[in-house]
Every structure is written in structure tokens, then in C-alpha cells.
Amino acid sequence: MPFCHCQRHFGTEAALIQHQAAKHRSPLVASQPGPSQPNHAPAQQSAPSPRLPTSTRISYESRMLLKGVLSQEMIHTIDAAALQPSTTPVSSSTPPELICSYNWQGSGGFHVPGHAPVWQNLALPITIPNDRTNRPGNKPIWTTPKDQFYQVFQATALMRPEFRFNDVDVVTTRNTLRKFLDFCHGRTQDAFRVHVSLVRDTLFIEQYHVRPMTRQSTGWGHNFEKAFTEFPPGLQGSTSHDRFLRYPIGELNCVVGFEVDACYEDSASRKRDAQSELEAPQDGLKEFSLSNMDSKDLVPEGKIMPQSTAAELKSTSKPGKTSISNYLPQLWFGRTSWLIVGSHNEGTFVETKVTNVDQRLKQWEMGRQEDLRKLVTLLAEIRGALRGRGGQRFAVVYEKHGTSRILKMYKVVDQNVVGESVVGQFWV
């Protein structure tokens, strides 16, 4: 039975939503004396409004999470307990297909096709300063969700001008898929919100940031990456490398985006990649400005980084207690074969361990079949709920309510995720 943070229970989700909306709209005021209770006390300055009891206070994150949706129509709910696994096995045996890649620049623009920073095998031990302070996110903070796929279409137009999204079922990010997988599994996680919309029959899932996009730097992870990697010539001003891959998740044809920490090449991959190097776009590397639609040549050269060299970097001060299994969902959705873990003692790195995780990923995939198949069902249900709604944007919200695990879909007032000119270019 649905219940509110104030511990009241309701017979339906609609009643809960109506109660929460009224509670958010109604200010808490001090009671006034009635006609039968005359107030003979002298006039005094009004006292400060009493604080809400702890049980009914709404945090900043909750207010932002529900911003613009409580007064809107809830169109659909998905209960994790009711999800049934899809009938099609989920397998990563099909090689992923690179759709586009790009590097974010400190100036806010981006290079196409870009390249991840290359792993540097430094002599150890080496001492690295603590990240210490909050640092800005290395990608622009989107003021409106409509901007989130701008660079994807620009990069795809350069790298894969013939590519069409007609047979793509889902476009999303690795981070979103991990949240949905945890939801299907029943793992405890923080509340979250994503925005979804349908372009033709392609489901787009956008991230929604509750806070301004800053990173809490409490360890050495960022400076570890910075010290042990180096961007190739012509890309030294980059802050990150992102790419979008197409691969199947069960019967769904998905395009998944994510950030790559590093490029790692062992001797075998160097030989293999030398025999089948991918050419960059004919016009070479390009730089785009988000405030200026014009593009200019940056460097007339460049090779596209093979996905087989993608590496994830992690740092730890407790190497004996760090399990690779903690990282496998992230590596699986990013089709990342290499995990590099740096072990340190208060910032003095004494070991870097490089692991090829391909076999571990296969084992993880087999062990998580039920959750992965439920993920397919979840994505298909979200897409089905949007059909016939005119391509409008909706919010999918997950709130923590005790043991209840329910996704709620609301209509939000916003423009479509993809403009008509882009639809005409990438859909037939």
C-alpha cells in the first residue's frame, strides 16, 4: 500500500500523489484564536514559522527530484516486483559497433572523433596529491535536457553520415542502465529521475541532475587518472573522452554512451589494431562550439580508438578488500575489457594492476541473466507506455519508500528531445 514520508497510508498511487501535491502547496501557519477564544494579549512581533517535523521535511534533493511533476498527470507505474524476465537470452557475444566518439574540451566545445588519454606506465612508487576540493564536472551543465544529445548527432553526422536510427530501440547512457539494473535486482539505491521520450519508435533516456554537476573529490581517483594518462597530440586540452556504442541487450537494439578513462594497449592489441586501424572522418579531427554552429579544422589527422583498448581506472587504499565484482556492471555496459587499479597509502601509489576482465564479464553475464532480462522488460514497458503520446517528454522517478520499488512516470512540460531537422536527417 503506498505511503507518504509523513507515515500516512493511501489506497492508491493517485491518492498519494494528490496528498503530496497538497502538502507541497500548503504552507505551515500558526493557528489563530477563534471567536470563542478572544485574544487579550498585547500585540507582539510575529514569531518565526515553526519548522516542519523531521518526518515531514522535504530535502532539497527530493524537491528537485519532484520539480515540475507533482502537478502533472502520472501516466504509468512500474513495480519491480511485477517485472518478468524476457524470453530472449542477454549476451554480449555480438561485437559492439562504434556510432560516434568525441572529446570534451575545457572551453566547452568538443573534438570529433577524439581519443581517450593513453595509459602511462610510470615508475613506482609515486606520490600524488589528494583531490581534496569539489571540482566542476568535466562536461557542460545542461540547463535544459534538449541539449543532452546535441554532440551525439553532430559527431555521428561526421563519423557515420549514413547511419540511421530507425532500427534502434533505445538510446541511453551506461549510468542509467546501471540504475535500472539495480532497480530490477532490488538493490538499495538513492532516489533518481530520468527523462524519457519517443522519437519515431526510438526510446531516448536522458540523465537528470538533481544538483549542479560537481564531483565530490575526497580521495585520489581524479589525480590518479590525471597523473597516469596523457591525451594524444592535438587533444591535450581535452577533459574527457565519450563514445556511443550500438549492441543488443536481449531483443533490444541499443545505443549506449559512456566515458572512457584511458586507452590501454598490450602487445597483442597493438599488433591486431595495426592490421585493422579505423580511419578518422575525411575532414580529420573537428572541434565544435556549443555556442557556435560553425566548425573548423583542428588537426588534419587521427585514428579512431579501437574499443578493445578501452580501460577503466580505479584507485584504492585497501587493495586486499577491493573486489573486481564491484566494477563488473559498469564494465559490462561499457563493453570495457581492461580494468586498471592503483593501490596507494595516503596518496603514495605502490602498485598498478592491469586486468583483462573479459572472462569475468562472461561469468557475470551468466549469473545476472534474470536481472538483465528484467531490464529488457523494463525498457520495453517504458517504450510501450510512451507510444501514442506524440513524442512528448516524460519524467521517470524512483523514490525510496521503505521496501517499495516503484517507478512513476509523469508528463513534464518541455519540448521534444530531438528537433524535426535532426529527425529528418537520421530517420527515414
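In the set Pro129, Pro85, Pro95, only one residue is at pLDDT 80 or above, touching an Asp or Glu at 6+ places or on another chain (Cβ under 9 Å) and either over 26 Å from His195 (Cβ atoms) or loosely packed, with under 13 Cβ neighbours inside 10 Å (or both); that residue is Pro85. Counting only strands (runs of 3 or more DSSP E) that fall entirely inside segment 288-368 and contain at least 3 residues that are surrounded by 19 or more Cβ atoms within 10 Å (Cβ to Cβ), modelled with pLDDT of 95 or more and under 24 Å from the mean Cα position of the chain (by Cα), the qualifying elements are 310-316, 338-345. Considering segment 369-407, and only residues there that are of a type in the set (S, T, N, Q) and either within 15 Å of Thr77 (Cβ to Cβ) or not in a helix (DSSP H, G or I) (or both), the residue that is modelled with the highest pLDDT turns out to be Thr377. Restricting attention to segment 372-390 and to residues that are more than 20 Å from the chain's Cα centre (by Cα) and surrounded by fewer than 17 Cβ atoms within 10 Å (Cβ to Cβ), the residue that is nearest to Trp332 (Cα to Cα) turns out to be Gly384. Within segment 167-200, restricting attention to residues that are of a type in the set (Gly, Ala, Ser) and outside any strand (DSSP E or B), the residue that is nearest to the chain's Cα centre (by Cα) is Ala191. Restricted to segment 400-415, and to residues there that are of a type outside the set (A, V, I, L, M, F, W, C) and surrounded by fewer than 17 Cβ atoms within 10 Å (Cβ to Cβ), the residue that is nearest to Arg200 (Cα to Cα) is Gln415. Quick one: in segment 201-231, which of the residues that are at pLDDT 95 or above and either of a type in the set (A, V, I, L, M) or assigned to a loop (DSSP other than H, G, I, E, B) (or both) is nearest to Thr348 (Cα to Cα)? Restricting to residues being at pLDDT 95 or above and either of a type in the set (A, V, I, L, M) or assigned to a loop (DSSP other than H, G, I, E, B) (or both), the top hit is Ala227.
The values are calculated or read from the model by the stated rules, or taken from the named source; none is laboratory data. What you are looking at is a predicted structure, and each value in this text was computed from that prediction instead of being measured. Methodologically, a virtual Cβ is constructed for each residue, glycine included, from the backbone with ideal geometry; neighbour enumeration extends over all protein chains shown.
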